[in-house]
Amino acid sequence: MFTGLIEGIGKVKAIRHLRDDMELTVAPLFQMTECRVGDSICVDGVCLTVTDVPEGSVCMDVSKETVSRSTISLLRQDDSVNLERALRLTDRLGGHLVLGHVDGIGKILKKESQYRSWQLRIGIDRGLSRYTIEKGSIAVDGISLTINQCAERFFEVNIIPQTGVETTLLRKKVGDLVNIETDLVGKYIEKFLSKDKSSRLEDSKSGVDMEMLIKQGFGD
């Protein structure tokens, strides 16, 4: 579990292709102490497990599924990536709950300077846009951001100076691809309220459905 508050930037040192899988080695460009084998690290929004900790670097395996669902497959040696270590239960949750399980890939459609900040418009497919709401949360390359505006095929976010300095997002250009993770709360709510009975767990006894919520005052 992560917060979407990037700790710093790392540089890709090596990429090893193992059939459909990958082995990724990244050198953090900041002090990243207490990193051990088995730890989880979010790399550009993708949760990966540390398999080795050579001096000044971390090695991580990337499965076929992750390669196919994210921009990790597009990385090259010396590329910069956003890094965040897993959330401790005693930490402040400054962003929002981020799993590091990428839902899909978006494309930067517009990048516009607005005084000190930048406005980005990111295109996504309809399957992802159903989980975007105005003022809701979204993770872009692992960065927790607030949606200012959303439509059927895109959403817009503002990048403040601090986020621009501490992450790789403003290094991206129009046309570049980014990893998208929508808010997990919305996905669970959709699952519980789905009218498709076959999508529910057969042994569920929660009784959570639209009729129950209306009776409890959550609907018209």
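Of the residues I143, I160, which is in contact with a Ser or Thr (Cβ under 9 Å, 6 or more places away or on another chain), among the aliphatic types (A, V, I, L, M) and farther than 16 Å from V178 by Cα?
Working: I143 fails: farther than 16 Å from V178 by Cα.
Only one candidate passes the filter, namely I160.
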Is it fair to say G95 is under 24 Å from K191 (Cβ atoms), touching a strand residue (DSSP E or B) at 6+ places or on another chain (Cβ under 8 Å) and assigned to a helix (DSSP H, G or I)? no
Just for the range 88-105: of the residues that are among the small types (G, A, S) and surrounded by 14 or more Cβ atoms within 10 Å (Cβ to Cβ), which one is modelled with the lowest pLDDT? G95
Scope the range 98-148; condition more than 20 Å from C42 (Cβ to Cβ) and of a type in the set (D, E, K, R); matching residues: K107, K110, K111, E112, R116, R121, D125, R126, R130, E134, K135
When restricted to R126, R116, the only residue touching a helix residue (DSSP H, G or I) at 6+ places or on another chain (Cβ under 9 Å) and at pLDDT below 95 is R116
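Report whether or not T132 is without any contact (Cβ under 8 Å) to a residue 24 or more places away in the chain, assigned by TED's automatic domain parsing to the domain that holds P161 and under 15 Å from the mean Cα position of the chain (by Cα). Show your work before the answer.
Details: without any contact (Cβ under 8 Å) to a residue 24 or more places away in the chain: no; assigned by TED's automatic domain parsing to the domain that holds P161: yes; under 15 Å from the mean Cα position of the chain (by Cα): yes.
Considered against the rule, which asks whether it is without any contact (Cβ under 8 Å) to a residue 24 or more places away in the chain, assigned by TED's automatic domain parsing to the domain that holds P161 and under 15 Å from the mean Cα position of the chain (by Cα), T132 comes out as no.
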Matching residues, the range 68-91, being of a type outside the set (A, V, I, L, M), under 18 Å from I138 (Cα atoms), touching a residue at least 40 places away in the same chain (Cβ under 8 Å) and outside any strand (DSSP E or B): S70, T71
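The values are calculated or read from the model by the stated rules, or taken from the named source; none is laboratory data. Since this is a predicted model, take the numbers as computed values, not measurements. Please note: Cβ atoms are built from the backbone with ideal geometry, for glycine as well, and neighbour counts cover all protein chains shown.
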